[in-house]
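Enquirer: Starting off with a structure, shown below.
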Amino acid sequence: MSAAPEEDISAGRGEPLVVLEGVNKWFGDLHVLQDINVTVNRGEVVVVIGPSGSGKSTLCRAINRLETIDRGAITLDGKPLPQEGKELANLRAEVGMVFQSFNLFAHKTIRENVTLGPIKVRKMSKAKADAKAAELLDRVGIGHQADKYPAQLSGGQQQRVAIARALAMEPKVMLFDEPTSALDPEMIKEVLDVMVDLAEQGMTMIVVTHEMGFARTAADRVLFMADGAVVEENTPEEFFTNPQSERAKDFLGKILKH
Amino acid sequence: MNVVLDNAGDIALAFIYTLSLFVVAGVLSLIFGALLAAARVGPVAVLRKAAAVYVMLIRNTPLLIVIIFFRFAGPKIGLTFGFVDIRVADIRLNNLYAACAVGLIVYTSSFVCEALRSGINAVPLGQAEAARAIGLPFGGVMSQVIMPQAMRHALPPLASVQIALLKNTTVCGALGVFEAFARMRGLTNDFASARTEIFLAFALIFVVLVEVLSFVAYRLERRWRIA
Ligand SMILES: Nc1ncnc2c1ncn2[C@@H]1O[C@H](COP(=O)(O)OP(=O)(O)O)[C@@H](O)[C@H]1O
Ligand SMILES: [Mg+2]
């Protein structure tokens, strides 16, 4: 983990980057997102925490339009999310996403996983994309395994490649949906280290995670979600030591036990 | 065996027709079948419906009828394929050949589509989501991520479809293309006393060709096995 980013990704720090206003979504009768109002500023790291089924994944997926919303508005860098087609694809390229289950392209090598987006979406030359991939893979500590296939790597390594793949698109914001939940305990740290690095370099991040260590070191803010609503919003220190709502107290009591 | 050897040249020529029909229809049915499968899983409702109807209609129609359609009904609606007339040495690819090839393509594509669709269903949903998340449009998601993996999953059924196609080319013999089956019938008429050996020789060549195909499919399966 070395190599400083070539450009200042934290330029304009503090301005609103991702804004959700009155966002509502239903799955049939289930009101999964209830009147969500959230602003994430440039350079900010926001951790989303909450019980399973509270709508955290749906929130992430709505931000890069893998899910549609029924009411409200989401804007990225001042622009509303487009509905369909090329424009939507372009928007997705600006939002990096890291999934719980890695989702590396199984039939492509590690290098090809990282270069596919730059070549096909950003129309970068193969040579340039390869160079960029090499740099990013070095940065996440996988540089020497670029010719392997995803299944030949451990879960922690795969997740670091997934982070490099998302970074290759030079996104404005990175979404992480429980990036360490599918990992064996000894691999969690290597992924979190990469994420902390990224946060320190000024990347705007929305991270769904129950890793309190990460929240305390890297997060500017914690959002606590329950039953589709944002119930509490606070600094990590305040949230973990002095939760306000009953739901949050109850939830923290449960995860602190183990 | 003499009859077979004496006519080896004609037999070889016949199998060149057979194989050329197979290659042309094989490649084009893979391409057209892949487009149909993409339509069936795509975001455009009209295309989804149209592809489903196509598959239902064609898959349920006997091959002979499909080819007869292009051979006899086609010209009545302007589909004469008159523009096709290719000569390479002793081989002549004319409008009859084209009508038969198109019939084979149309018919085989519906099976390719269904084999691929089962392959697509075997690709985990997360693959498509990750592809969309890096900004690939639908076409890119399909061609870069889903289809290559679906092909691997669908290889065994696709191999069966292509083997069936190789044998189905014999139907064209009944309609004027001088491929293997037509040549065999010609020979058995001319050399009635040597019928058995002629049958055996043609059957043997088909067995060998199918074995070669199976071997290729097997090798691809091993090479493409998702690590
Ligand atoms: N595609 C879907 N169709 C119907 N219900 C869904 C779908 N995806 C998620 N849900 C439901 O929406 C709720 C919120 O899910 P999710 O956002 O995954 O929660 P979390 O990530 O916080 O565990 C859950 O009750 C889940 O069962
Ligand atoms: Mg979730």
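Values in this text are rule-based calculations from the coordinates and carry no lab data. Worth saying up front: this structure is predicted, and the values here are computed from it rather than measured. Neighbour counts run over all protein chains shown; Cβ positions are idealised from the backbone, glycine included.
Enquirer: Hey, which of these cross-link pairs are over 27 Å Cα-Cα: A:LYS25/A:LYS172; A:LYS56/A:LYS148; A:LYS126/A:LYS189; A:LYS123/A:LYS172; A:LYS79/A:LYS189? It would help to have the intermediate numbers written out before the result.
Expert: Numbers: A:LYS25/A:LYS172 24 Å; A:LYS56/A:LYS148 33 Å; A:LYS126/A:LYS189 32 Å; A:LYS123/A:LYS172 18 Å; A:LYS79/A:LYS189 36 Å.
Those over the limit are A:LYS56/A:LYS148; A:LYS126/A:LYS189; A:LYS79/A:LYS189.
Enquirer: Also: Based on the Cβ-Cβ distance from A:GLU67 to B:SER143, what FRET efficiency comes out when R0 is 35 Å, to the nearest 0.05?
Expert: Taking R0 as 35 Å, the efficiency between A:GLU67 and B:SER143 is 0.90.
Enquirer: Another question, then. For A:ASN90, what charge total do you get from the other residues with a beta carbon under 15 Å from its beta carbon, if Lys and Arg give +1 and Asp and Glu give -1?
Expert: It works out to a net charge of +4.
Enquirer: Right, next: Two-decimal Rg/Rh of chain A from alpha-carbon positions, Kirkwood Rh?
Expert: Answer for chain A: 0.96.
Enquirer: Here's a follow-up. A:LEU30 to B:ARG59: FRET efficiency via 1/(1 + (r/R0)^6), r the Cβ-Cβ distance, R0 45 Å, to the nearest 0.05?
Expert: 0.70
Enquirer: Amide H of A:ARG221: which non-local residues (sequence gap of 5 or more, or other chain) have their own amide H closer than 5 Å, using H built in the peptide plane?
Expert: A:VAL45, A:VAL47
Enquirer: Now for a separate question. On a 0 to 90 degree scale, rounded to 10, what angle separates helix A:246-257 from the longest Cα axis of chain A?
Expert: 50 degrees
Enquirer: Over the whole of B:117-130, what's the average partner chain Cβ count within 10 Å per residue? Rounded to a whole number, please.
Expert: Taking the mean over all residues of the peptide, I get 3.
Enquirer: Please sort through the DSSP H helices of chain B and keep those with an alpha-carbon extent of at least 30 Å along the long axis and a Kyte-Doolittle average not below -0.5.
Expert: B:8-41, B:95-121, B:195-224
Enquirer: Same structure again: If each Cα of the stretch B:16-178 is one equal point scatterer, what is log10 of I(q)/I(0) from the Debye formula at q = 0.14, 0.17, 0.18, 0.19 Å⁻¹?
Expert: -0.75, -0.98, -1.06, -1.13
Enquirer: Taking amide H atoms as placed 1.01 Å from N in the peptide plane, list the residues 5 or more away in sequence, or in a different chain, whose amide H sits under 5 Å from that of A:LEU17.
Expert: A:VAL40, A:ASN41, A:ARG42
Enquirer: Now for a separate question. Find the Rg to Rh ratio for the protein assembly as shown, where Rh is the Kirkwood radius over alpha-carbon pairs and Rg uses the same atoms.
Expert: 1.13
Enquirer: Can you tell me the Rg and the Dmax, both Å, for the Cα atoms in the stretch A:119-258?
Expert: Cα radius of gyration and Dmax of the stretch A:119-258 are 17.4, 55 Å respectively.
Enquirer: Just tell me which aspartates and glutamates come within less than 13 Å, Cα to Cα, of A:LYS249; anything on the same chain fewer than 8 places away is out.
Expert: The reachable aspartates and glutamates, counting only those whose Cα sits under 13 Å from A:LYS249, are A:GLU232, A:GLU238.
Enquirer: Looking at the stretch B:97-227 from every direction and averaging, what is the projected area of its Cα convex hull in nm²?
Expert: One quarter of the hull surface, i.e. the mean projection, equals 9.8 nm².
Enquirer: Go ahead and estimate [θ] at 222 nm for chain A from helices alone: -39,500 (n - 2.57) per DSSP H run with n ≥ 4, summed, over the residue count, rounded to 500.
Expert: For chain A, the value works out to -11500 deg cm²/dmol.
Enquirer: Give me the percent relative contact order of chain A, please, defined on Cα pairs under 8 angstrom at least 6 residues apart.
Expert: Values: 472 pairs, mean separation 66.8, N = 258.
Contact order relative to length: 26 percent.
Enquirer: Based only on other Cβ atoms within 10 Å, what is the fewest-to-most ordering of B:MET142, A:MET212?
Expert: Least to most surrounded, the residues fall as A:MET212, B:MET142.
Enquirer: Also, I was wondering about something else. What whole-number distance in Å separates the alpha-carbon centres of the stretch B:144-184 and the stretch A:85-119?
Expert: About 35 Å separates the Cα centre of the stretch B:144-184 from the one of the stretch A:85-119.
Enquirer: Could you go through the stretch B:70-82 in sequence order and give the Karplus-derived ³J(HN,Hα) for each residue, using 6.51 cos²θ - 1.76 cosθ + 1.60 with θ = phi - 60°, rounded to whole Hz, and x for Gly and Pro?
Expert: Going residue by residue, I get 6, 6, 10, 7, x, x, 5, 10, x, 8, 8, 6, x Hz, with x marking Gly and Pro.
Enquirer: Neighbour counts of other C-beta atoms within 10 Å: give me B:MET184, A:MET124, B:MET56, A:MET97 arranged from fewest to most.
Expert: With the sparsest Cβ surroundings first, the list reads B:MET56, A:MET124, B:MET184, A:MET97.
Enquirer: Further, regarding this structure: Going Cα to Cα from B:LYS167, which aspartates and glutamates come in below 13 Å? Please leave out same-chain ones fewer than 8 positions away.
Expert: Reachable aspartates and glutamates: B:GLU179, B:GLU211.
Enquirer: Counting only other chains, and only Cβ atoms inside 10 Å, what mean value do you get across the residues of A:133-141?
Expert: Per-residue shielding by partner chains comes out at 0.
Enquirer: Determine, for A:ASP184, A:ASP177, the number of other Cβ atoms within 10 Å of each Cβ, and report the residues in order from fewest to most.
Expert: Result, fewest neighbours first: A:ASP184, A:ASP177.
Enquirer: Roughly what angle does helix A:85-94 make with the longest principal axis of chain A, taking Cα atoms, 0 to 90 degrees, to the nearest 10?
Expert: 90 degrees
Enquirer: Follow-up question, since we're still on this one. State, as an integer percentage, the relative contact order of chain B based on alpha-carbon contacts under 8 Å between residues 6 or more apart.
Expert: With pairs under 8 Å counted, the relative contact order is 27 percent.
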